[in-house]
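Report on the following structure.
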Amino acid sequence: MDFDLNESQKILQSSLKKFCDSKIRPAAEEIDRKDEFPEWVWPSISELGLMGITIPEEFGGAGAEVLSAVVVMEELSKVCPALSLSWMAHSLLCAHNLFMHANPAQRKKYLPDLCSGKKLGALGLTEPGSGSDAVSIKTTAKKKGDRYLLNGTKTFITNGPVADVIVLYAKTDKDAGAKGITAFIIEKGFKGFSTGKRIEKMGHRGSPTGELILEDCEVPAENVLVGENQGITVMMDGLDVERTVIAAGGIGCTQAALDYCIQYAREREQFGKPIGSFQFIQGKIADMYAQLEAARLLVYKAAVIAGGSERGGRGTEINRLAAAAALLSGELSEQAGLQAIQIFGGYGYTLEYPVNRILRDAKLYTIGAGTSEVRRIIIARELLKI
Ligand SMILES: Cc1cc2nc3c(=O)[nH]c(=O)nc-3n(C[C@H](O)[C@H](O)[C@H](O)COP(=O)(O)OP(=O)(O)OC[C@H]3O[C@@H](n4cnc5c(N)ncnc54)[C@H](O)[C@@H]3O)c2cc1C
């Protein structure tokens, strides 16, 4: 087994590290405080060629593997998880999903602008009454001539307040459960589409989250992805890649916590010694390191398998692996955030030091793209087959 990244992934990682340290790190605290990205952020990310990382070059993408997307997610999350979340919603939840399921005309129409960053993407699944139970969505789509009329409200949509293109799920047959869902490509200019409330969050501040409102929203029939009532395929394929990439967010956050803790434990002195010389502190740092190394390997393995075939990896193995990767890294990052605050003592509890932000950001990784509980259900269901 080869545990190393390949040459192009290593180059991507080191150039991104430099970019994040020089450009993003100095702005990260302000992004969190103001809850908004400065104007230069998206053009800079686009210039690096990250907006269509997994999309073939013929559509303007970088043609890289899911593992490269994981590398990007990890590096961005070390410095600014809000940016990595918005980047992921654009490039994976929207662009990658679109590429995987769109027909040639849809690919040609939408992918180049998404890959160049001219347009920002999002994914609209969650509704006020339907989160973990995604199949119970209430948004309806009724065919009328050459278009569909969509009605409903989506909530918690990353990039929702600013997105130009949205992969959005609605029920075309409300009595058919999972088999009655259709995936649509929505443009923000479509008649009947508007954005609702922007949601203020405890973490990932800067990444805009909000409601989408569909009131007889007119969507051309040619904007159906795959086919009517085939949305569950899009949703399930997308979720495995989404969980794998979001798992890398937890890895990045944990690495940041570990790096801050090592530095602080060397510098902070109590009882005439650096606190890093106390075994209680050493134990926390050693555990964080050991668990991080294990979780990273699982996330990379899931990424290799998720990228292994055009439609979401090897059979059902990827379902449990992606869920396990997200479960492990999400809970690890939450624990790492808590332990980092403990190691920083009273200073960790203040807004002066960055570790409070790590905890607030990390908490999302046990909720978004399926909660820890749902991830455990998926893993157990796959193993027990009952
Ligand atoms: C910052 C942020 C960004 C997001 N971005 C997007 C996005 O871009 N697009 C999108 O569509 N959605 C997005 N979401 C929504 C996210 O996917 C949902 O929040 C998540 O799936 C959980 O749904 P819920 O919040 O409705 O919680 P609920 O489903 O109501 O769950 C509440 C609690 O009940 C538990 N629970 C639910 N069902 C079960 C069960 N069967 N067994 C045991 N426990 C259970 C859950 O684990 C949780 O602890 C985002 C959410 C956040 C917070």
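The values are calculated or read from the model by the stated rules, or taken from the named source; none is laboratory data. Just so it is clear, the model here is predicted, and its values are computed rather than measured. Cβ coordinates were reconstructed from backbone atoms using ideal geometry, including for glycine residues, and neighbour counts include every protein chain displayed.
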Among residues of segment 346-367, those that are near the ligand (Cβ under 8 Å from one of its atoms) and crowded, with 22+ Cβ neighbours inside 10 Å, counted: 1
Answer residue from segment 368-379, given it is of a type outside the set (Val, Ile, Thr) and out of contact with any Lys or Arg (no Cβ under 8 Å at 6 or more places or on another chain) and is farthest from the ligand (Cβ to nearest atom) among those: Arg376
Qualifying residue in segment 135-157 (condition: within 22 Å of Cys80 (Cα to Cα), within 12 Å of the ligand (Cβ to nearest atom) and not assigned by TED's automatic domain parsing to the domain that holds Gly238): yes
One residue from Thr209, Thr195, Thr233, Thr182 being in contact with a helix residue (DSSP H, G or I) (Cβ under 6 Å, 6 or more places away or on another chain) and of a type in the set (Val, Ile, Thr): Thr182
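Residues are listed down the side, and each one gets a yes or a no for (1) of a type in the set (Asp, Glu); (2) over 30 Å from Asp173 (Cα atoms); (3) surrounded by fewer than 21 Cβ atoms within 10 Å (Cβ to Cβ); (4) out of contact with any Gly (no Cβ under 7 Å at 6 or more places or on another chain):
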site: Ala69; (1), (2), (3), (4): no, yes, no, yes
site: Ser86; (1), (2), (3), (4): no, yes, no, yes
site: His101; (1), (2), (3), (4): no, no, no, yes
site: Cys115; (1), (2), (3), (4): no, yes, no, no
site: Gly131; (1), (2), (3), (4): no, no, yes, yes
site: Thr140; (1), (2), (3), (4): no, no, yes, no
site: Asn151; (1), (2), (3), (4): no, no, yes, yes
Residue that is nearest to Pro81 (Cα to Cα), among those in segment 1-13 that are touching a residue at least 24 places away in the same chain (Cβ under 8 Å) and not in a loop (DSSP other than H, G, I, E, B): Gln13
Of all residues making up segment 153-169, the number that are within 20 Å of Glu218 (Cβ to Cβ) and crowded, with 19+ Cβ neighbours inside 10 Å: 10
Among residues of segment 14-49, those that are in a helix (DSSP H, G or I) and over 21 Å from Ile358 (Cα atoms), counted: 8
Filter result (more than 18 Å from the chain's Cα centre (by Cα) and either of a type in the set (Phe, Trp, Tyr) or closer than 18 Å to Lys119 by Cβ (or both)) within segment 10-48: Phe19, Glu39, Trp40, Pro43, Ser44, Glu47, Leu48
Residue match in segment 266-278 (condition: assigned to a helix (DSSP H, G or I), basic (Lys, Arg) and touching a residue at least 60 places away in the same chain (Cβ under 8 Å)): no
Inter-residue pairs, beta-carbon under 6 Å, first farther than 8 Å from Glu187 by Cα and free of Cβ contacts under 8 Å to residues at least 60 places away in the same chain and in segment 155-169, second among the basic types (Lys, Arg) and more than 9 Å from the ligand (Cβ to nearest atom), 6+ apart: Pro161/Arg198
Condition met for Phe184 (in contact (Cβ under 8 Å) with a residue 24 or more places away in the chain, part of a loop (DSSP other than H, G, I, E, B) and aromatic (Phe, Trp, Tyr)): no
Of all residues in segment 246-274 being of a type in the set (S, T, N, Q) and surrounded by 15 or more Cβ atoms within 10 Å (Cβ to Cβ), the one that is nearest to Leu364 (Cα to Cα): Thr254
Test: Glu382 is modelled with pLDDT under 95, surrounded by fewer than 18 Cβ atoms within 10 Å (Cβ to Cβ), within 16 Å of the ligand (Cβ to nearest atom) and not β-branched (Val, Ile, Thr): yes
Some residue of segment 51-61 being modelled with pLDDT of 95 or more, surrounded by 20 or more Cβ atoms within 10 Å (Cβ to Cβ) and among the polar types (S, T, N, Q): yes
Qualifying residue in segment 190-206 (condition: in a strand (DSSP E or B), closer than 15 Å to Lys142 by Cβ and more than 13 Å from the ligand (Cβ to nearest atom)): no
Given (1) farther than 26 Å from Ile55 by Cβ; (2) in the same structural domain as Arg375 (by TED's automatic domain parsing), number of the condition Leu214 does not satisfy: (2)
